[in-house]
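Read the structure below first, then the notes.
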Amino acid sequence: MQQHQIQVLFDEYQDSSSLNQEDAALLEAAREAIHLSYAPYSKFQVGAAARLSNGVILKGSNQENASFPAGLCAERVLLSICSSLYPGIPVIDMAISYFNQLGASNRPISPCGVCRQSLSEYETLVNHQIRLILGGSTGKIIVIEKATDLLPLAFTSADMK
Ligand code: THU
């Protein structure tokens, strides 16, 4: 028997003023995208912004549905926008923020399991890792070098060969 351990490293910043200019701007774009959220059911508005390798910044937000499972998280809305408008162009960084109408919004959230899977697929598709900048509407920020750090032992297309 062999035992293995997987470690995840991430950077923590006190607030967005401690980020470099590029990261702060992307987080700001994610915060702007919160206003485009359609979240009448959960009242939990999420905004995401991606910086592509060609310098373009795209935004997405969560889009809910009266049939709850039909709703989409901001991250997957954004990935669909990226691949529809700029197929094959790597997403270098993605910032995610939110506003919780029913509670606090002062700490980072990280992508749900389904979004982790979609982010992992995108990294494989364009052969580039996606760096994540996670922060609430205020408060500390965490930066994770690649989305797949959040999905150890991921199932990928390579497993189907
Ligand atoms: N949500 C996102 O858009 N991204 C996340 O990372 C977490 C959750 C959305 C899904 C749903 O519309 C609402 O937040 C509450 O779960």
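The values are calculated or read from the model by the stated rules, or taken from the named source; none is laboratory data. These numbers were taken from a predicted model, which means no experiment stands behind them. Note: ideal-geometry Cβ built from the backbone for every residue, glycine included; neighbour counts use all protein chains shown. Note: accessible area is taken over every heavy atom of the protein model, side chains too, but ligands, DNA and RNA are not part of it. Shrake-Rupley method; radii C 1.70, N 1.55, O 1.52, S 1.80 Å.
Starting from the Cα of Lys140, draw a straight line to each of the aspartates and glutamates and keep only those under 12 Å, dropping any in the same chain fewer than 8 residues away.
Asp11, Glu12, Asp15
Using a 1.4 Å probe, what is the accessible area per residue for the chain, in Å²?
That works out to 56 Å² for each residue.
Can you list the GluC sites (Glu not before Pro) in the stretch 1-61 that are in a DSSP coil and have 12 or fewer other beta carbons within 10 angstrom?
Sites meeting the loop and neighbour criteria: none at all.
Taking the Cα centre of the stretch 1-94 as the origin, how large is its charge dipole in debye, to the nearest 20, when only Lys and Arg (+1) and Asp and Glu (-1) carry charge on their Cβ atoms?
For the stretch 1-94, the charge dipole is close to 380 debye.
How many angstrom lie between the Cα centre of the stretch 132-150 and the Cα centre of the stretch 53-67?
That distance is 17 Å.
Work out, step by step, the length gained on full extension between Gln14 and Thr124: first 0.36 nm times the residue separation, then minus their alpha carbon distance; give nm to one decimal.
36.4 nm
Can you pull out the GluC sites (Glu not before Pro) in the stretch 83-161 that DSSP calls coil and that have at most 14 other Cβ atoms within 10 Å?
Qualifying residues, ordered by number: Glu145.
Can you pull out the trypsin sites (Lys or Arg not before Pro) in the stretch 1-99 whose DSSP state is coil and whose Cβ has at most 13 other Cβ atoms within 10 Å?
Lys43
Can you pull the percent of the stretch 1-150's accessible area that's carbon plus sulfur, 1.4 Å probe, other chains left in place?
For the stretch 1-150, the apolar C and S fraction of the accessible surface comes to 52 percent.
Quick one: if the Förster radius is 30 Å, what FRET efficiency do Ser53 and Cys112 give, using the C-beta to C-beta distance and rounding to 0.05?
0.70
Compute the longest continuous run of the chain that contains no exposed chymotrypsin sites (Phe, Trp or Tyr not before Pro); treat a site as exposed when its DSSP state is not H, G, I, E or B and it has at most 13 other Cβ atoms within 10 Å.
Between the exposed loop sites, the longest stretch runs 42-154.
Which distance in nm do the two modelled labels at Ile89 and Gln3 give, with both placed 7 Å along the Cα-to-Cβ direction?
4.8 nm
For the pair Asp159 and Glu22, what calculated FRET efficiency results from E = 1/(1 + (r/R0)^6), where r is the Cβ-Cβ distance and R0 = 35 Å, to the nearest 0.05?
The pair Glu22/Asp159 has a calculated efficiency of 0.50.
Nearest 20 debye, what's the magnitude of the dipole of the chain about its Cα centre given +1 on Lys and Arg Cβ and -1 on Asp and Glu Cβ?
In debye, rounded to 20, the chain gives about 300.
Can you find, among Ser137, Asn65, Met94, the residue sitting farthest towards the positive end of the charge dipole of the stretch 43-161, where Lys and Arg contribute +1 and Asp and Glu -1 at Cβ?
Going by the Cα projections, it comes out as Ser137.
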